[in-house]
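Just so you know, all these numbers are worked out from the coordinates, no wet-lab data involved. None of the values given here were measured: they were computed from a predicted structure. Heads up, the Cβs are rebuilt from the backbone with ideal geometry, glycines too, and the neighbour counts pull from every protein chain shown.
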């Protein structure tokens with residue numbers, strides 16, 4: 001896949017993607033409203049759903065399981081993690097996986113959909129608000145995530161990725177009231193979006209670099225805390241298939257702790273980890289590529 005083909009895939013970057021820009025704006029406005037409807041119960045529910053959506057859905061599901069196949073779990077649990085991922089409003093599993101795989105192929109180069117080389121705000125959030133809306137275009141996306149496209153479950157979930165969050169919102173509204181919806185849906189989704197977007201922006205701008213990768217990825221502790229381990233981004237770019245991103249004892253990686261627990265229970269299999277020899281070989285390959 002060439003960078004020119006990727007650019008065509010995402011469309012004209014100067015054209016506002018109204019189908020995304022309008023909902024994102026409305027959600028942010030309702031998130032501000034939530035601040036005037038505070039209750040401890042609503043905060044607790046929002047915090048619990050943030051954990052489920054970002055840790056289980058994005059970190060363990062969309063990212064380490066579906067995109068990089070860093071471990072294997074039974075299909076029902078895999079599908080559950082994917083549904084949790086849709087609660088972030090970051091698109092369906094095929095869209096997310098395809099976009100992230102493209103990011104790794106062209107990381108901080110021509111063709112990367114969200115590199116800070118195009119501007120910090122572009123990498124953070126503007127990239128989803130301009131160009132072509134691909135969230136439900138399963139035909140175009142299948143090329144970049146053919147493994148997911150072979151399963152009808154993912155084809156349907158990608159097309160109707162907004163349904164689980166909508167149903168959840170209606171259930172919360174009917175049982176707990178509007179103030180809980182404001183916190184558990186709109187404020188929680190807004191916070192989750194910015195936490196995940198910070199991996200695209202902040203961890204390619206600031207932080208430390210254990211591995212001299214050919215991109216600008218960095219390890220940033222506060223992003224790791226907000227995203228349950230996704231902020232150890234330089235480690236991840238050096239070892240993309242690894243289910244573990246925090247490679248040192250002080251690099252808290254809650255998503256991997258969950259995966260390790262599943263492994264100990266005999267539920268997760270084939271958990272990929274970078275052993276010392278792989279780390280050394282990876283660094284040698286990176287050094288050779290940079291010297292060439």
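Structure above, values below:
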{"quantity": "Helix 254-264 axis, angle to the chain major axis (alpha carbon atoms, nearest 10°)", "calculated": "80"}
{"quantity": "R0 of 30 Å, Cβ-Cβ distance residue 147-residue 167: FRET efficiency to nearest 0.05", "calculated": "0.65"}
{"quantity": "Degrees separating the helix 188-200 axis from the principal Cα axis of the chain, which is the longest one", "calculated": "10"}
{"quantity": "Cβ crowding within 10 Å averaged over residues, with 83-95, 148-160 ranked highest first", "calculated": "83-95, 148-160"}
{"quantity": "Residues 68, 245, 194 arranged by fewest to most Cβ contacts within 10 Å", "calculated": "194, 68, 245"}
{"quantity": "Shape call, the stretch 82-234: gyration tensor on alpha carbons, a/c limit 1.5", "calculated": "oblate"}
{"quantity": "Label-point gap, in nm, between residue 36 and residue 110 - each point 7 angstrom along Cα→Cβ", "calculated": "5.0"}
{"quantity": "For the stretch 123-213: rounded, prolate or oblate by the Cα gyration tensor [a/c cutoff 1.5]", "calculated": "oblate"}
{"quantity": "Extension gain from residue 160 to residue 250, taking 0.36 nm per residue of separation minus the Cα-Cα distance", "calculated": "28.5 nm"}
{"quantity": "Nearest-ten-degree value, helix 40-50 long axis tilted from longest Cα axis of the chain", "calculated": "40"}
{"quantity": "Whole-Å distance, taken between Cα centres, linking the stretch 70-117 and the stretch 171-213", "calculated": "15"}
{"quantity": "Within the chain, helix-based [θ] at 222 nm, where runs of 4 or more DSSP H residues each add -39,500 (n - 2.57), nearest 500", "calculated": "-14500 deg cm²/dmol"}
{"quantity": "Cα-based shape type of the stretch 35-148, given that a ≥ b ≥ c are square roots of the gyration tensor eigenvalues and the cut on a/c is 1.5", "calculated": "oblate"}
{"quantity": "Highest average packing first - 15-28, 51-64, Cβ atoms within 10 Å", "calculated": "51-64, 15-28"}
{"quantity": "Structure-derived P(r) over Cα pairs in 10 Å bins from 0, in percent: which label, when the choices are [x] 6, 26, 29, 18, 13, 6, 1, 0; [y] 6, 28, 37, 23, 5, 1, 0; [z] 6, 19, 24, 24, 17, 7, 2, 1, 0", "calculated": "[y]"}
